[in-house]
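Working notes, structure below.
Readers should treat all values here as calculations from the given coordinates under stated rules, not as data from a laboratory. Keep in mind it's a predicted model, so treat the numbers as computed, not measured. When we count neighbours, we look across all protein chains shown, and the Cβ atoms used for this are built from the backbone with ideal geometry, even at glycine.
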Amino acid sequence: MSSSPDSDDERKLDFNPLLLASGKRKSAFLPYKPNNNTVLTNLQRGNTAANIPSEICLNFHEKTGQGEITEEQVRGEKIVDALDSNNYTPLHWASFYGQLSSAQILIKCGANVNRQATDMITPLQLAAAGGHHEIVRLLLQKGAKVNHMDVVGNTALMYAAAGNHPHTCNELLGKGANFIDTNEDGETAYSLAVKNQSNLAQAVLENYITALLMS
């Protein structure tokens, strides 16, 4: 799977930031996922066109995740923050799938950048987990809470660090992300970077800490 222009290099981890937890959680990194729609989960992130059979009809959330919405369509919806079955809004979908244009349109039409879905997950955390640093920048510019924690204490910086997304880490740190926050397992963004062998993100955090110590 190739990376989109607005994302850091992708890599597989032992968690997926969008798959809803089922049963008792075993670690502070919950797996999250909007649904099991293989049409969307098989899409490349970004604006890559997908070969979708004509008989498949995507709902508004899915179209958002695919990047196939217009401002006119969004304004035609009754609620811009309409929830799917897992309490995800269209902006959650756009953020997870790296659809910058969709995110811009939704926010212009009044989408809540801090809306929490199941397990207190926000669009910023989903964008950070995927390394979509341009969407992260947009959300922060529009008032997203940089240090918001999900239900198990993970911040956007933790997701970005664990996923080895250096540009995303830089965006978050530049907007005041707290690198010493810990999740339920007592792990910080730095320890997660080390644990997941996220060398690029680890280097960003080390450089940031060094600069603070020398200032």
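Things worth noting here:
- Net lengthening on full extension, GLU77/GLU206 (0.36 nm per residue, minus Cα-Cα): 41.9 nm
- Distance between modelled label sites at SER85 and THR70, nm, 7 Å Cα→Cβ extension: 3.1
- Peptides ranked, highest mean first, by Cβ atoms within 10 Å: ranges 89-100, 179-190: 89-100, 179-190
- Entries in LYS63/LYS195; LYS175/LYS195; LYS108/LYS175 that, when Cα-Cα distance is taken, lie over 31 Å: LYS63/LYS195
- Residue among LEU100, ASN199, MET120 farthest towards the positive dipole end of region 92-213, charges placed on Cβ: LEU100
- Taking 0.36 nm per residue of sequence separation and removing the Cα-Cα distance, the MET120/ASP185 pair yields an extension gain of 21.7 nm.
- Scaled against the 2.2 N^0.38 Å expected of a compact globular protein of N residues, the Cα radius of gyration of region 66-177 reads 0.99.
- Sequence-ordered 3J(HN,Hα) estimates for region 201-207 from the Karplus curve with 6.51, -1.76 and 1.60 and θ = phi - 60° stand at 5, 4, 5, 4, 5, 5, 5 Hz, glycine and proline given as x.
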